[in-house]
């Protein structure tokens, strides 16, 4: 193993710590031609998605409590020894706040890709390789069931160990490491905190906007955690990202039209190599005409919901969120 890279697989989870490593996505026995074609499919899909969203009503969501939270959070970040940024493993780029880097400055950061159980092994490996090459410390986790949380705790303490070295040098007593947990709404921040503490200390529910205020909680003698409400840009300029937030239920339902989002999701699924038209036809027992999502949603509405397109759209979105088409990411790493 390369000296500048350390990768440890514990309980099926990859913990990546710095450096560079050969790709974890392309194995030695895979066809490089096939892998290249798959990656080109994703590039084409990203281009298509940009054009598909241009004609839709813009998706925007900025509840009143977020502005207050953002101001308070930036003040609290000054007290942090390490920041834990949580993203949705299905859409790691779309759940990256554009101002996060400027807020954190030189503070140590751990990136958590939560809901790792909702993506494929190939997706996990592709993102693990990408962030390793970026030199980013990343933990794959499942906050609902606790996978990855103990590794996260150990890494946070290890990264902040220098704090007490400096305090002792100044003749001060050691103190608990302060770690802030930040990220978009509904990416699983509070669930991770509750799993770390092994008790329900923070409100958590599978919908955005449940946590409304910052809350400090103590984890043993060595770690203090700040659970924060989800923060999202006041205006989402990337509508491809906004649509993916809607698909993954990481944004308020009132901000988007179910039928529009479901129609684009259908078009995406027909073009994702591991899903395709067959998965939709097998699931709903109706034909997919070309790649037209609106027609498919309407046919599903006539088939199951007495012509109610909204109910049909909600069914498609719910089935995707429950993994009925397989566990897949909606993003691949930038090339």
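What follows draws every value from the coordinates through simple rules; no lab data is involved. Note that the structure is a prediction, hence the values are computed from the model and not measured. Don't worry about glycine lacking a Cβ; one is built from the backbone with ideal geometry, like all the others, and counts go over all protein chains shown.
Put in order of Cβ neighbour count within 10 Å, fewest first, the listed residues 127, 42, 103 become 103, 42, 127. Sorting 115, 235 from the fewest to the most surrounding beta carbons within 10 angstrom yields 235, 115. Applying 0.36 nm per residue to the separation of residue 274 and residue 165 and subtracting their alpha-carbon distance, the gain on full extension is 34.3 nm. Once both labels are positioned 7 Å from their Cα atoms along Cα-to-Cβ, the gap between residue 46 and residue 121 label points is 2.6 nm.
What is the gain in length, in nm to one decimal, between residue 65 and residue 215 on full extension, counting 0.36 nm per residue of separation less the C-alpha to C-alpha distance? Write out the running numbers ahead of the final one.
On the way: separation 150, 0.36 × 150 = 54.00 nm, distance 1.44 nm.
Full extension of this stretch gives 52.6 nm more.
Averaging Cα coordinates gives a centre for the range 241-257 and one for the range 121-183; these two points are 29 Å apart. With both labels modelled 7 Å from their Cα along Cα-to-Cβ, the residue 72 to residue 304 distance reads 4.0 nm.
Residue exposure proxy: 107, 254, ordered by other Cβ atoms within 10 angstrom of their Cβ from fewest to most, comes out as 254, 107.
Figure the gain on full extension for residue 311 and residue 96 (residue separation times 0.36 nm, minus the Cα-Cα span) and round it to one decimal in nm. Mind dumping the intermediate values first?
On the way: separation 215, 0.36 × 215 = 77.40 nm, distance 3.04 nm.
Additional length available on full extension: 74.4 nm.
Output the peptides 221-231, 295-305 sorted from most to least packed, where packing is the average of other Cβ atoms within 10 Å over each peptide's residues.
Numbers: 221-231: 20.9, 295-305: 18.0.
Going by the mean number of other Cβ atoms within 10 Å, highest first, we get 221-231, 295-305.
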